[in-house]
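In what follows, a structure is listed as structure tokens, so that the remarks can point back to it.
The values are calculated or read from the model by the stated rules, or taken from the named source; none is laboratory data. Everything numeric in this text was worked out from a predicted model, so none of it was measured. Because the Cβ atoms are built from the backbone with ideal geometry, glycine has one as well, and the counts that use them run over all protein chains shown.
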Amino acid sequence: MASSPPPILIGRQHECAVLDQLLADLREGNPRVRVIRGEAGIGKSVLLEYAADQASRVTVTRTRGYEADMELPYASLHQLCAPFLAEVEALPGPQRDALRVAFGMTSGEPPHRFLVGLAVLSLLARASEARPVLVLVDDAQWLDQVSLQTLEFVARRLLAEAVAMIFAVRDPEGEASLVGLPELRVGGLDAVAAEDLLMTAVNGRLEKRVRDRFVAEMHGNPLALIEFSRGRNAGELAYGLQPDSSAMQRTVSSRIEQDFASRLASLPEPTRMLLLIAAAEPLGDARLLFRAAASLKITPDAAPAKAAGLIEFGESVRFRHPLVRSAVYDQADPEERRAVHGALADATDPALDPDRRAWHAAQAVDEADEEVAMGLEQAAGRARQRGGVAAEAVLLQRAAELTPTPWARGRRALAAAEANFSAASPDRATEQATLAELCPLSPLDRARLARLRARILFARSRSDEAAPLLLDAAAQFAGAASPLARETYLEAISATIFAGRVHGPAGARAAAIASRGSGAPPSGSKAADLLLSGVSALLADDYETGGPALRRALEPLANEELTTREATVRWLLSAPVALEAFIHYAWDLNAWDTLSSRAVRLARDIGALGALQPALVYASGVHIHTGDFAEAARMIDEADAIAAATGHAPHKYATLVLAAWRGDEGIAADFIKDARASAAQRGEVSLLGATGYIQGVLLNGLARYDEALAAARSGVEHDGFNFSGLSLVEHIEAATRCGELDQARTSLGRLIEFTRAADSGWARGVTARSQALLTDGDEADDLYRLAIKELTHDRVAVEAARTHLLYGEWLRRSRHRSLAREHLRMAHEMFDTMGANAFAERARRELLATGEHVRARSTKPVTALTPQESQIAALAAKGMTNPSIGAELFISPHTVEWHLRKVYTKLGINSRRALPDALAVESPAGTRNASAMSPT
């Protein structure tokens, strides 16, 4: 394509130096990212051209956003990746398939955008093996949403790849885009540079007062300085450009656009229409433009537009500046715009580019048209298959607007509302839901609408207001004999879990009773149906009935074959309810481990980061209870990183529980304060209930029993689905230490009732230990020993260690010092190994009281590793390859290797073969040594 040389970079020495350093770093293999921000015409595109011109020995790939293409998913990303598509087949299978579906190269399950992002990262990393890669993205604020999100994902994960990315973003339109990435803000030229640039564009000399006025009016904007002086001599500029005062109130960019528009008025009609066709079609395909012109019976005459400096023609068509494109389009009469879009629809191949054809056809009509609406609906379906849910929402919304019949309009508006909700646009979802509500809907669609409204409410505030709406939707589904009924009842119970209500008309028990009386048909998933039956029995009947019913759901939940992505997503949606029930009612650590591990694996397999974040949080809880705090911390860190990358709110529960067991009072206090504020704001009452248990653990560990008693009582009194049983355990210990034996006995009665039907060593162990705290003599001795045996067998190391501590304390006060030392020594070693510092200190003080000398613990070299280094090292030690590790952790193989080199240095080894031995630390003392102390 023929192009004019870029303007001289007067006054941009600093910006050029920043880009020069970026390119120097890139040539040395160091990735860099920079977001160039500034108003229209400030020189962002020129700086991108400068970077491209200076990028010797570098592969340059580029794309730019167009307003007209914002609704076509992956359009910009496809353009950027085009030079590297020959390498797609070399990517790991899930990444290869995701990228091929996203780009329309094949059909398949809709890919998750983060799996597409990982594929793009891997593709760029492979390309950079031959030579560094520079990615240039202009007008990033106008990229289609999924392309922008994907490129942001890649930019945030560049660590060891020889890849640099430079984005140009127009503000204020793009203020919310790419926030948090390194920025290069570009402002107006200073007075000296602006005058220098102005003098290169003006014929003749300007008086200083005229020059100063002109520079001041243009605010140092280079495009404004050049365009407003273009073709004018010093005399024409002597009295300024704008005689009316209102012009001074407009922004510089709007004044530039108005100047471009004024040039259009002098162009011949055929030339102006040719420009309008080009403005309406961002592909820049000259052949398509001329076919559309022929359809309108226009004789192409581009010469006047080229002479006016508005456009360049070659094999491709390129406007001088995006403001020219917008000026051309905005100045056109609406009837002219519709005619142009109609011609472009006729000229676009329906087989090769049906989506763009449908969009042009939609812009060509100003009244309802079923054929056009159907074309948009079909395009929306293709967008969904490529994973472009935001584009799907816009296409369906426009389809609803153009639908002539009320029934079809309501159906399409409802689909648009659901797509907007999936695209995280609840306001637009509400608008479309309101439109759908005004139309006649089938009973099934009415139920879908009710469920959507509940979901929107729940997303905005996790209060119990959503539960009645979900129950109503579930009842409507049941009335329509829809398999969605049971799924929606599970959603209602899930809503009550977060809202923190068991009883009452909007509580979990009400949802359980309603589900059992609904007569809802099977959902199509044996696991989901058994889970709903089990949870409903727990809530509506009693623990003795509910426990066995819940356990019947475990095998299908753990092993049910999931043959489609949709089935996997539905399983992941039901996982939190299942996990909460098995943790807090069945006290089943093995089920917790099995289900959370499967959730992590399934979420990784389909690239569902939204589901992976909570799955990691649940899995971290298993490691907390088995005493592997380091692995728990790694999982929590990964979950927090995913939350940051996806914009989701981080889950606080695991962070708080881990801080409590570690005895990190400062960290726990800060998190609890934030959690309480968040809970109050969002109505997430269950978080308030959880803090009772969490503070109970923390304060009991610190031996501040009065405070622990008050904190644990708030958890005990909390009317919630979860944490009540765990809070009872904390309350009993604190109450016995404070001499509040009546309170302790009341809580013990509730705990015995709570755990009676739970067939687990965890339940039997904490109950026996709690009973021991309220008894004495041989009975207490037997109960402590039973508790140690049960908790050790079930791998609940933190509670086994705690039982050794309590048993040792009781033995010391019973004057059995020798035996007390054994158990206190065991407790101290276990807690010290885990990193449960407050409990370890409590055990140390007790040991000192027995006359025991406490040895300091040696620090192992593995503690020098960061959480991600530890995770990568552990996977590599298991024999996983770098690509497999990268796919598992959503990073590139280069980043894996970069981390491994740091691991080798820290551990003093030189190959991955030495990793297993270097990482072979002792098992947490909770499992190994507690077994030795268990009574036979």
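Summary of values
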| item | result |
| --- | --- |
| Cross-chain or 6+ apart pairs with Cβ under 9 Å, the stretch 611-625 first and without any contact (Cβ under 8 Å) to a residue 24 or more places away in the chain, then basic (Lys, Arg) | His623/Arg634 |
| Long-range neighbours under 9 Å by Cβ, at least six apart or interchain, first residue in a loop (DSSP other than H, G, I, E, B) within the stretch 78-105, second surrounded by fewer than 17 Cβ atoms within 10 Å (Cβ to Cβ) and small (Gly, Ala, Ser) | Pro92/Ser884 |
| Selection count, the stretch 533-553, where residues are out of contact with any Phe, Trp or Tyr (no Cβ under 6 Å at 6 or more places or on another chain) and crowded, with 17+ Cβ neighbours inside 10 Å | 14 |
| Residue that is at pLDDT below 90, of a type in the set (S, T, N, Q) and farther than 30 Å from Thr150 by Cα, where the choices are Ser482, Ser442, Ser463 | Ser463 |
| Hey, Gln141 farther than 23 Å from Thr895 by Cα, within 23 Å of the chain's Cα centre (by Cα) and at pLDDT below 85 or not | no |
| Within the stretch 804-831, considering residues that are under 19 Å from Gly761 (Cβ atoms) and touching a Gly at 6+ places or on another chain (Cβ under 7 Å), the one surrounded by the most Cβ atoms within 10 Å (Cβ to Cβ) | Ala827 |
| Any hit, the stretch 578-595, residues being under 27 Å from the mean Cα position of the chain (by Cα), of a type outside the set (Val, Ile, Thr) and closer than 29 Å to Arg386 by Cα | no |
| Residues of the stretch 705-732 satisfying the condition of being over 39 Å from the mean Cα position of the chain (by Cα) and surrounded by fewer than 24 Cβ atoms within 10 Å (Cβ to Cβ) | Tyr705, Asp706 |
| The stretch 93-139, residues that are among the basic types (Lys, Arg) and more than 12 Å from Gln385 (Cα to Cα) | Arg96, Arg126, Arg131 |
| Enumeration of residues in the stretch 265-277 that are over 10 Å from Leu344 (Cα atoms) and either outside any loop (DSSP other than H, G, I, E, B) or out of contact with any Lys or Arg (no Cβ under 9 Å at 6 or more places or on another chain) (or both) | Ser266, Leu267, Pro268, Glu269, Pro270, Thr271, Arg272, Met273, Leu274, Leu275, Leu276 |
| Criterion violated by Leu562 - all others in (1) farther than 22 Å from Arg157 by Cβ; (2) assigned to a helix (DSSP H, G or I); (3) touching a residue at least 24 places away in the same chain (Cβ under 8 Å) satisfied | (2) |
| Complete set of residues in the stretch 324-340 that are surrounded by fewer than 23 Cβ atoms within 10 Å (Cβ to Cβ) and in contact (Cβ under 8 Å) with a residue 40 or more places away in the chain | Ser326, Tyr329, Asp330, Gln331, Ala332, Glu336, Arg337, Ala339 |
| Index of the failed condition, Pro556 passing every other in (1) modelled with pLDDT of 90 or more; (2) surrounded by fewer than 17 Cβ atoms within 10 Å (Cβ to Cβ); (3) not in a helix (DSSP H, G or I) | (3) |
| Flag for Thr746 being assigned to a loop (DSSP other than H, G, I, E, B), surrounded by fewer than 20 Cβ atoms within 10 Å (Cβ to Cβ), of a type in the set (Val, Ile, Thr) and on the phi < 0 side of the Ramachandran plot | no |
